[in-house]
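Input: a single structure, listed below in structure tokens.
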Amino acid sequence: MIEVRKAVLADVEQVFELVNHYANEGLMLPRTKDSLVLNLQSIFIAEEEGEILGIASLAILGHDLAEIRSLGVKENAKGRGIGKMLVERVVEETKLIGIPKLISLTYQVVFFEKCGFEVIQKTEMPQKVWTDCIHCPKFPSCDEIAMAIQTA
């Protein structure tokens, strides 16, 4: 049975491997182990029998905006609904915190639409652009699609 839970220190190695697998493919930004440890409280994992099958993290960008980041599922676990389970958990956490809007920058538009997100313009999220995007190697020519879901 798959359990979705917050990550703990013992999960860092597997999370690091999964994030950087996708980073090497250009689908996710790389993370260091130190960065994962420092942001551990915002990382969620999907686990089955001690194996981490998927990850997602929640980044708070301001009092009215949060972002789902580093969403990834192991290749051999795709098609089992794990990504959707992780998105639902991050949406739930965003609601609990009281942030009304959750965004994603993604290449997986159809997947996020199935999770209730809608395509938006990047101009609708200046907190993201001027906090994170400006430091990204893809800036200002980002080819990811901005999407959002209302959580409140």
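The values are calculated or read from the model by the stated rules, or taken from the named source; none is laboratory data. Given the structure is predicted, the values throughout are model-derived calculations rather than measurements. Every residue, glycine as well, gets a Cβ built from its backbone with ideal geometry; the counts of neighbours run over all protein chains shown. Protein only, heavy atoms only, side chains kept; ligands, DNA and RNA dropped before computing areas. Shrake-Rupley method; radii C 1.70, N 1.55, O 1.52, S 1.80 Å.
Across the range 89-110, the qualifying residues are those that are modelled with pLDDT of 95 or more and within 12 Å of residue 71 (Cα to Cα), and the one among them that is surrounded by the most Cβ atoms within 10 Å (Cβ to Cβ) is 90.
Going by the conditions given, is residue 118 open to solvent by less than 90 Å² (accessible area, probe 1.4 Å), of a type in the set (Asp, Glu) and either modelled with pLDDT of 95 or more or over 24 Å from residue 52 (Cβ atoms) (or both)?
Values: open to solvent by less than 90 Å² (accessible area, probe 1.4 Å): no; of a type in the set (Asp, Glu): yes; either modelled with pLDDT of 95 or more or over 24 Å from residue 52 (Cβ atoms) (or both): yes.
Here the answer is no, as residue 118 does not meet what is asked.
Among the residues making up the range 29-48, a single one is touching a Lys or Arg at 6+ places or on another chain (Cβ under 8 Å) and surrounded by fewer than 13 Cβ atoms within 10 Å (Cβ to Cβ): 41.
Just give me the residues in the range 49-88 being over 15 Å from residue 18 (Cα atoms), over 9 Å from the mean Cα position of the chain (by Cα) and open to solvent by less than 50 Å² (accessible area, probe 1.4 Å), in sequence order. Answer for the range 49-88, where residues must be over 15 Å from residue 18 (Cα atoms), over 9 Å from the mean Cα position of the chain (by Cα) and open to solvent by less than 50 Å² (accessible area, probe 1.4 Å): 61, 62, 65, 66, 81. Count of the range 15-30 residues, restricted to those that are under 16 Å from the mean Cα position of the chain (by Cα) and either part of a helix (DSSP H, G or I) or closer than 13 Å to residue 56 by Cα (or both), is 11.
Of 84, 33, 78, 95, all but one fail to be among the basic types (Lys, Arg) and touching a residue at least 40 places away in the same chain (Cβ under 8 Å); the exception is 95.
Of all positions in the range 39-57, at least one carries a residue that is at pLDDT 95 or above and closer than 18 Å to residue 144 by Cα.
Could you check, for the range 123-131, whether at least one of its residues is at pLDDT below 95, acidic (Asp, Glu) and either farther than 24 Å from residue 15 by Cβ or exposed (fewer than 13 other Cβ atoms within 10 Å of the Cβ) (or both)?
Here is the first cut: in the range 123-131, the residues at pLDDT below 95 are 123-131.
This time we only want the ones that are acidic (Asp, Glu), so: 124.
Then drop every residue that is not either farther than 24 Å from residue 15 by Cβ or exposed (fewer than 13 other Cβ atoms within 10 Å of the Cβ) (or both), which leaves 124.
Scanning the range 123-131 turns up at least one residue that is at pLDDT below 95, acidic (Asp, Glu) and either farther than 24 Å from residue 15 by Cβ or exposed (fewer than 13 other Cβ atoms within 10 Å of the Cβ) (or both).
Could you tell me which residue of the range 6-28 is surrounded by the most Cβ atoms within 10 Å (Cβ to Cβ), considering only residues that are touching a strand residue (DSSP E or B) at 6+ places or on another chain (Cβ under 7 Å) and β-branched (Val, Ile, Thr)? I'd like the intermediate steps shown before the answer.
If we filter the range 6-28 for residues that are touching a strand residue (DSSP E or B) at 6+ places or on another chain (Cβ under 7 Å), which is where we start, we get 6-7, 11, 14-15, 18-19, 22, 28.
Add one more test, that the residue is β-branched (Val, Ile, Thr), and what stays is 15, 19.
Working: 15: 22, 19: 24.
The qualifying residue surrounded by the most Cβ atoms within 10 Å (Cβ to Cβ) is 19.
Residue 1 meets all of the listed conditions (1) open to solvent by less than 80 Å² (accessible area, probe 1.4 Å); (2) closer than 18 Å to residue 84 by Cα but one, namely (1).
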